[in-house]
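Below: one structure, written as structure tokens.
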Ligand SMILES: NC(=O)c1ccc[n+]([C@@H]2O[C@H](COP(=O)([O-])OP(=O)(O)OC[C@H]3O[C@@H](n4cnc5c(N)ncnc54)[C@H](OP(=O)(O)O)[C@@H]3O)[C@@H](O)[C@H]2O)c1
């Protein structure tokens, strides 16, 4: 029996940003432990078919897709009732990076980043909290960033979204502790994913300069597999060395 069977409220999770990168790695890790995953993203690809050797141990019936553009808050709010109700673990991971001076952002670009990285998470949590409380508890895992801890050059809008998530997590944790809802936050440093595909910088080549999505999935698994009285408020994960290159 999986270690999660003893520590999670039920065997169903919702993972946002599950089409690739960190969210897909978390989804696979949960399914490997017998948890059914509803994945949220705009576009699912062939990568989400569980037919490769490495995934042969996973029952493909454990994965279902709930396509949505999380930057469209009004559309999201309208279709919340079509989400599966019985979710014990909510993994708020979807997001993207956009960097540059504040003056370089248009107003729609600011709104899109804040709506995707922050507001959609508040809406989904507001939807699931009463359901979790009714069910006797739950787990909320928030994928933050090192940018939730330290501001830096060209990071004003992205850091605003991630710092806000951290304050959200802290307040939510205080509000929910009597309802057996654990709130965990994972703050990754650079992870080798499509995150950097639209950016003009990336970690230096070499495994010591970036994490893999699986490293973050392992941190999530660790947090979720602790006894229910143990809350990993924040786990910060970094590669051994830090260095970036311009593209
Ligand atoms: N990679 C890093 O270095 C790093 C470091 C710290 C924190 N993070 C955080 O980790 C999270 C996952 O990033 P990643 O590295 O896995 O990047 P990724 O490979 O680009 O994956 C991003 C995921 O978010 C989804 N997503 C983005 N915009 C969306 C939207 N409008 N609606 C619905 N889904 C959306 C994407 O799906 P679709 O494109 O199919 O919609 C995809 O599944 C993000 O919150 C990011 O800020 C990443």
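Here are the numbers for the structure shown:
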read-out	value
Degrees, to the nearest 10: 120-135 long Cα axis against longest axis of the chain	20 degrees
Estimated distance in nm for a label pair at residue 3 and residue 233, the labels positioned 7 Å out from Cα along Cα-to-Cβ	2.3 nm
The chain: relative contact order in percent, alpha carbon pairs under 8 Å with at least 6 residues between	21 percent
Whole-angstrom gap from the range 91-153 to the range 61-85, using each part's C-alpha centre	16 Å
Likely footprinting exposure, 127, 184, fewest C-beta neighbours within 10 Å first	127, 184
Residue-span extension gain [residue 122 to residue 104] - 0.36 nm each, minus C-alpha spacing	3.8 nm
Crossing angle, helix 213-224 versus the chain [Cα axis fit, 0-90 degrees, rounded to tens]	40 degrees
Gain on full stretching of the segment that runs from residue 243 to residue 225 - 0.36 nm per residue minus C-alpha separation	3.2 nm
Between helix 156-176 and the chain: long-axis angle, C-alpha atoms, 0 to 90°, nearest 10	20 degrees
Packing-based exposure ordering (other Cβ within 10 Å, fewest first) of 240, 31, 185	240, 31, 185
Alpha carbon Rg of the chain, scaled by the compact-globule rule 2.2 N^0.38 Å	0.97
Sorted by Cβ density within 10 Å, fewest first, the residues 91, 231, 107	107, 231, 91
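Values in this text are rule-based calculations from the coordinates and carry no lab data. Remember, predicted model here, so these are calculated numbers, not experimental data. For neighbour counting, all protein chains shown are included, and Cβ atoms are generated from backbone atoms with ideal geometry for every residue, glycine included.
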